[in-house]
Amino acid sequence: MTKNWYVVITPTNKEESTRNALAERVKTNGMDEIISKVLVPKERITEMRGKQKKVVERKKYPGYVFVEMDMNEQTWLFIKETPGVTNFLGDRNPTPVKVPEIEQILLGDATTSTTAEADIKIKFKKGENVKIKEGPFENFEGMVDEIIPSKGMVKVNIIVFNRPTSVELGYWQIESI
């Protein structure tokens, strides 16, 4: 038996319930040898809520569940009949996930789950025009010069007294214009 990883499509926000339903069906039907792993890859990120850092877990691939299995007509039908499963990626001829890709997905899970402090996800990009919404430079407009995810800070170039000035701000202190 050659096992490969396949991608199962499920409605967004139903990944966990689909994974649980599939794992339960595999267990009760004794298919552990044929379908060995069912997972929903996640990553840990740090968000700023108000002025507090909060580490949250997010699905890396919303709407998808990864299954390691020996693909044949019986297992294809078994997966398709599981509540929450919409389809396979590739429909009747599911394409296995390539080994380097699945290793990156699995390795990414291992590193993010053991990291104590996750990087902060900052939605701004270098060169983007922003407006400062709080602090001593409130209502000033400027351009993002540098993003520092480890600190949750953004360097913004603004004009003060007709001179360019670089200020370091928390990313929650600015907004896109």
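Values quoted throughout were computed directly from the atomic coordinates according to the rules given, and no laboratory measurement underlies them. None of these values were measured; they are calculated from a predicted model. Backbone-built Cβ (ideal geometry, glycine too); neighbour counts: all protein chains shown.
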Efficiency of FRET between LYS133 and ASN13 - r from beta-carbon atoms, R0 41 angstrom, step 0.05: 0.85
Within the set THR165, THR12, THR86, GNM on the chain using Cα springs under 10 Å gives the largest fluctuation to THR165
Among ARG58, ARG19, ARG92, which one shows the highest mean-square fluctuation when the chain is modelled as a Gaussian network with alpha-carbon springs under 10 Å? ARG92
Matching label for the computed percent of Cα pairs over 28 Å apart, out of (i) 24; (ii) 19; (iii) 45, is (iii)
Can you sort PHE78, PHE161 from fewest to most other Cβ atoms within 10 Å of each residue's own Cβ? PHE161, PHE78
Calculated from DSSP helices alone, with each H run of at least 4 adding -39500 (n - 2.57) and the total divided by the residues of the chain, [θ]222 nm to the nearest 500 comes to -7000 deg cm²/dmol
Taking only C-alpha pairs under 8 Å that are 6+ residues apart, what is the relative contact order of segment 129-176 in percent? 36 percent
Sequence of PHE137, PHE124, PHE66 once ranked by neighbouring C-beta atoms within 10 Å, starting from the fewest: PHE124, PHE137, PHE66
The relative contact order of the chain, taking Cα pairs under 8 Å that sit 6 or more residues apart, comes to a percentage of 22 percent
GNM on the chain, C-alpha springs below 10 Å: top fluctuator among PRO94, PRO62, PRO136? PRO136
Which whole-number percent gives the relative contact order of segment 1-105, counting Cα pairs below 8 Å spaced six or more residues apart? 44 percent
